[in-house]
Amino acid sequence: MVKSLTDCFPTEMIINRIKDRSAKIVVVGLGYVGLTVAVAFSSIGFRVMGVDIDTNVVKTISEGNSHLSEPSLDELVKSVVNKGLLKATVLYNEAIEVFDVVIICVPTPLKDNNDPDLFYLEDACKNIASNLDRGKLIIIASTLPPGCTLHFLVPLLERVSGLRCGVDFYLAYCPERILPGRAFKEFVMNAQLVGGFNKASGKLGKALFKTVVKGPIIVTDVATAEVTKLAENTFRDVNIALANEFALLCEVLGVDVKEVVRLANTHPRVNILSPGPGVGGSCLPKDPWLLLHPARLKGFSSRIIASSREANGIMPKHIVELVLKGLNEAGKNIEGARIAVLGTAYKSDVPDHRLSPSKIIIEELKRLATKLVAFDPYCEESFGAKKARSLKEAVRDADCVIIATDHTEFRKIRLSKLKNLMKDMPIVIDGRRILNPLEARKLGYIYYGVGYGKQI
């Protein structure tokens with residue numbers, strides 16, 4: 001039996017609870033997005049309950065600590081937990097027994113065939129719908145394939161709850177737009193998209209985010225918000241793919257892509273991103289496939305987006321090719337060569353190793369029977385390579401050093417000191433272009449960098 005009234009549940013009641021901070025918020029999924037959102041709302045007075053299936057994450061937060069390496073987040077978590085404004089649990093029933101707003105931040109990974117895996121999202125929605133009653137607001141912050149909200153989530157929520165979306169409960173798609181390392185600041189300062197299921201849902205979503213977000217809050221429809229989120233990251237992926245293609249061209253043409261990009265970006269309508277060893281993280285390698293998924297099912301064939309994914313996907317193997325070139329120039333055999341990989345995180349100054357290019361680089365080198373050691377000052381993952389405890393330990397007696405992540409510590413490397421630690425005929429493969437090629441070659445290094453085609 002459907003539990004509903006002829007009129008919508010009065011939105012002003014919910015808005016008043018939001019305005020006076022009496023609305024109880026549940027955040028499902030306490031990764032980068034979820035913990036940032038939970039801390040942001042609890043820090044301004046909302047009572048927030050976080051739910052996560054990882055008992056270690058829940059334990060860490062319950063003790064007043066953050067499991068993420070984010071500036072200021074440790075201090076904020078401790079503050080809101082000590083004040084009783086933020087709690088964490090692994091039990092859905094404990095969290096969503098009484099709530100006004102639930103924000104879903106669970107991951108939506110890809111399957112092996114690049115189709116979206118909605119298992120965590122479906123499980124979260126079933127648990128929420130089982131405890132759903134009238135007048136509640138559901139916010140979806142997880143990244144979704146286009147059409148997922150209207151054609152999958154809404155029918156699921158309505159079927160399990162017996163309630164009507166937009167009448168008995170409200171729903172908005174509000175995609176995350178944050179970057180690890182600057183998550184809290186970006187959530188508070190960036191513009192926020194609110195894709196409302198209907199006008200009332202959009203109004204409630206805007207009222208909620210207006211309490212904490214200082215940037216503009218832009219209300220649109222659900223379908224447009226879904227595509228917009230994916231278009232943002234797909235644009236960056238395509239831009240990086242173009243930069244990587246420029247880099248490969250410059251290696252052939254004998255010029256330096258770093259200088260080409262610098263000069264091209266002096267044009268007021270050009271903004272080429274930096275080339276590198278590949279694209280990692282939880283968003284850029286995934287979101288283009290999410291964007292394409294429903295269209296591909298309808299026969300759409302991508303000429304740019306899919307090719308860009310492939311172009312970025314070959315870059316880790318290109319790094320290995322540069323290693324082989326360097327070893328060949330030095331007259332060294334790949335088998336048994338000692339190679340130090342500096343950086344296993346996918347980007348600078350964070351511990352996040354999800355889909356890091358270093359994983360493929362290390363796997364390919366292991367296949368070639370090299371002696372591998374990895375060092376990362378932020379990330380514990382070594383992808384099967386021997387893990388060094390310091391930069392000095394990693395590079396000592398190395399035949400070749402690969403700069404795979406542009407951590408601040410690696411940017412400060414002094415090439416003269418590095419050479420004293422490495423073997424004769426030292427090789428440097430600069431995947432992030434953070435070293436000076438002219439200085440390296442002057443000091444006697446065999447230097448190869450992504451996009452460095454200078455003939456000296």
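Here is the link list: Lys317/Lys442; Lys19/Lys286; Lys392/Lys442; Lys258/Lys298. Which ones come out longer than 32 Å on Cα distance? Kindly include the intermediate steps, with their values, before the conclusion.
Values: Lys317/Lys442 27 Å; Lys19/Lys286 36 Å; Lys392/Lys442 22 Å; Lys258/Lys298 40 Å.
The pairs that break the limit, which is 32 Å between Cα atoms, are Lys19/Lys286; Lys258/Lys298.
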Residues whose modelled amide H sits under 5 Å from the amide H of Lys387, counting only those 5 or more places away in sequence or on another chain, are Ala374
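When Rg is the radius of gyration of the Cα atoms in region 11-215 and Rh is its Kirkwood radius, what does Rg/Rh come to?
Working: Rg = 15.7 Å, Rh = 16.8 Å.
My calculation of the ratio gives 0.93.
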Expressed in nanometres to one decimal, the distance between label points 7 Å along Cα→Cβ at Lys19 and Asp397 is 7.2 nm
Toy charge model, Lys and Arg Cβ at +1, Asp and Glu Cβ at -1: region 293-360 dipole around Cα centroid in debye, rounded to 20, equals 340 debye
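Taking only C-alpha pairs under 8 Å that are 6+ residues apart, what is the relative contact order of region 39-197 in percent?
Working: 237 pairs, mean separation 31.0, N = 159.
Dividing the mean separation by the residue count of region 39-197 yields 20 percent.
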Any residue on another chain or 5+ positions along whose placed amide H is under 5 Å from the amide H of Ala88 is listed here as Gly50
Which residues qualify? For Ile217, with a placed amide H closer than 5 Å and at least 5 residues away or on another chain, they are Gln192
Cα extents of region 86-193 along the principal axes, largest first, in whole Å, come to 39, 37, 27
One quarter of the C-alpha convex hull surface, i.e. the mean projected area of region 370-414 in nm², amounts to 3.3 nm²
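What number, rounded to the nearest 500 deg cm²/dmol, is the helix-based mean residue ellipticity at 222 nm of the chain, given -39500 (n - 2.57) per DSSP H run of at least four residues and division by all its residues? Write out the running numbers ahead of the final one.
On the way: 19 runs with 191 residues, N = 456.
Calculated at 222 nm, the ellipticity per residue is -12500 deg cm²/dmol.
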Given 97-105, 231-239, 277-285, the highest-first ranking by average Cβ count within 10 Å works out to 277-285, 97-105, 231-239
Full extension between Met189 and Lys78 adds, at 0.36 nm per residue less the Cα distance, a length in nm of 37.8 nm
Given 20 °C, 1.002 mPa s and a Kirkwood radius over Cα pairs, the Stokes-Einstein diffusion coefficient of the chain in µm²/s is 90 µm²/s
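At 0.36 nm per residue, and after removing the present C-alpha to C-alpha distance, how many nm does the segment from Glu122 to Arg303 gain when stretched out fully? Please list the in-between numbers first.
Working: separation 181, 0.36 × 181 = 65.16 nm, distance 3.15 nm.
Fully extending the segment from Glu122 to Arg303 adds 62.0 nm.
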Taking the alpha-carbon centre of each part, the distance from region 268-333 to region 377-412 in Å is 23 Å
Taking the alpha-carbon centre of each part, the distance from region 61-112 to region 16-53 in Å is 7 Å
Expected vector for region 173-190, Karplus 3J(HN,Hα) from phi with 6.51, -1.76, 1.60 and θ = phi - 60°, integer Hz, x for Gly and Pro, equals 9, 10, x, 5, 9, 10, 10, x, x, 9, 4, 5, 4, 5, 4, 6, 9, 6
Dividing the alpha-carbon radius of gyration of region 222-456 by 2.2 N^0.38 Å, where N counts its residues, gives 1.05
For the pair Thr224 and Asp54, the simple spin-label estimate (label points 7 Å beyond Cα toward Cβ) gives in nm 3.6 nm
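Ranked highest first by average number of other Cβ atoms within 10 Å, how do 292-300, 183-191 line up? The partial results should precede the final answer.
Working: 292-300: 13.3, 183-191: 17.3.
Going by the mean number of other Cβ atoms within 10 Å, highest first, we get 183-191, 292-300.
How much length is gained if the chain between Asp424 and Arg389 is pulled fully straight, taking 0.36 nm per residue apart and subtracting their Cα-Cα distance, in nm to one decimal?
Working: separation 35, 0.36 × 35 = 12.60 nm, distance 2.32 nm.
That works out to 10.3 nm of additional length.
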HN-Hα couplings for region 383-400 via Karplus (6.51, -1.76, 1.60; θ = phi - 60°), in whole Hz with x for Gly/Pro, come out as 6, x, 7, 5, 8, 8, 8, 8, 4, 4, 5, 5, 8, 4, 6, 7, 7, 9
As straight-line cross-link partners of Lys206, the qualifying aspartates and glutamates (C-alpha separation under 16 Å, not fewer than 8 residues apart within one chain) are Glu12, Asp20, Asp100, Glu176, Asp221
Rounded to the nearest 0.05, FRET efficiency between Lys210 and Asn328 (Cβ-Cβ, R0 45 Å) equals 0.15
Region 434-456 scanned against label point 7 Å out from Arg411 along Cα→C-beta; backbone N under 12 Å for 434-435
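What FRET efficiency comes out for the pair Leu91/Arg296, r = Cβ-Cβ distance, R0 = 51 Å, nearest 0.05?
Working: r = 38 Å, r/R0 = 0.75.
E(calc), rounded to 0.05, equals 0.85.
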In whole Hz, the Karplus estimates of ³J(HN,Hα) for region 296-307 (6.51, -1.76, 1.60; θ = phi - 60°; x where Gly or Pro) are 5, 5, 9, x, 6, 10, 7, 9, 10, 5, 5, 5
Of all DSSP beta bridges with both partners in the chain, the antiparallel percent, nearest 5, is 10 percent
Computed over the chain: longest principal axis from alpha-carbon atoms vs helix 315-330 long axis, angle to nearest 10 degrees, is 10 degrees
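Each value in this text was obtained by applying a stated rule to the coordinates, not by laboratory testing. Just so it is clear, the structure is predicted and the values come from calculations on it, not from any experiment. Neighbour counts are summed over all protein chains in view; Cβ atoms, including those assigned to glycine, are modelled from backbone coordinates with ideal geometry.
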